[in-house]
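Encoded as structure tokens, the structure appears first; notes follow it.
The values are calculated or read from the model by the stated rules, or taken from the named source; none is laboratory data. This one's a predicted model, so the numbers in the text were calculated from it and none came from an experiment. Here the Cβ positions follow ideal geometry from the backbone for every residue, glycine too, while neighbour counts run over all protein chains shown. Accessible surface is based on the protein model in full, side chains and every heavy atom, while ligands, DNA and RNA are left aside. Shrake-Rupley method; radii C 1.70, N 1.55, O 1.52, S 1.80 Å.
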Amino acid sequence: MSPANHDDECIFCKILRGEIPCFKVYEDDDVLAFMDVNPVAPGHVLVIPKHHSRDILETPPEWVGKAFAGAGRVARAVQKSLAPDGINIVQANGPGAKQSVFHLHVHVIPRAMDDGLTMNWELEPGDMAAIGQLAEKIAINVE
């Protein structure tokens, strides 16, 4: 990592610099994947870009792509290794989304049927008119 792309206090940057150990799963020039030491399921892996940015909103698009490409690679390895019933790919931004480490990261979480984990919402049809209005409002701001 170049000095412009790291944060001295960020725990994930410290892991990238080798100051804090991790259980490495994968590493290349762009990303590091390691086991989450607070797993929500066995085999929970974190994938981080080797570029410090607070979240997806502040991360340059090429680094978002690299992080998610790494997550795809790790998800395929998790599927081959553990044969879970499914895999969640989760990326949170900001305290309201329960982000606790402010360095862009992607969770790869193996899932089992009826494992008790929830994604914090139930599927209920929404107001289609309101959904359409929000789609228009968001679409005009896509860059």
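Points worth noting:
- Qualifying residue in segment 30-46 (condition: of a type outside the set (A, V, I, L, M), open to solvent by less than 70 Å² (accessible area, probe 1.4 Å), at pLDDT below 95 and more than 18 Å from Val74 (Cα to Cα)): no
- The set of residues from segment 72-100 being part of a loop (DSSP other than H, G, I, E, B) and surrounded by 13 or more Cβ atoms within 10 Å (Cβ to Cβ) comprises Pro84, Gln91, Ala92, Asn93, Gln99.
- Test: residue in segment 61-71 that is open to solvent by less than 20 Å² (accessible area, probe 1.4 Å), part of a loop (DSSP other than H, G, I, E, B) and under 28 Å from Val142 (Cα atoms): no
- Search result, residues across segment 28-47 that are more than 18 Å from Pro84 (Cβ to Cβ) and out of contact with any strand residue (DSSP E or B) (no Cβ under 7 Å at 6 or more places or on another chain): Asp28, Asp29, Val37, Asn38
- In segment 101-121, the condition of being among the charged types (D, E, K, R) and in contact (Cβ under 8 Å) with a residue 24 or more places away in the chain is met by at least one residue.
- Scanning segment 82-134 for residues that are β-branched (Val, Ile, Thr) and touching a strand residue (DSSP E or B) at 6+ places or on another chain (Cβ under 8 Å) yields Ile87, Ile89, Val90, Val106, Val108, Ile109.
Yes/no matrix, rows are residues, columns are (1) of a type in the set (A, V, I, L, M); (2) in a strand (DSSP E or B); (3) open to solvent by less than 70 Å² (accessible area, probe 1.4 Å):
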| position | (1), (2), (3) |
| --- | --- |
| His103 | no, no, yes |
| Val108 | yes, yes, yes |
| Asp114 | no, no, no |
| Thr118 | no, no, no |
| Ala130 | yes, no, yes |
| Ala135 | yes, no, yes |
| Ile138 | yes, no, no |
| Glu143 | no, no, no |
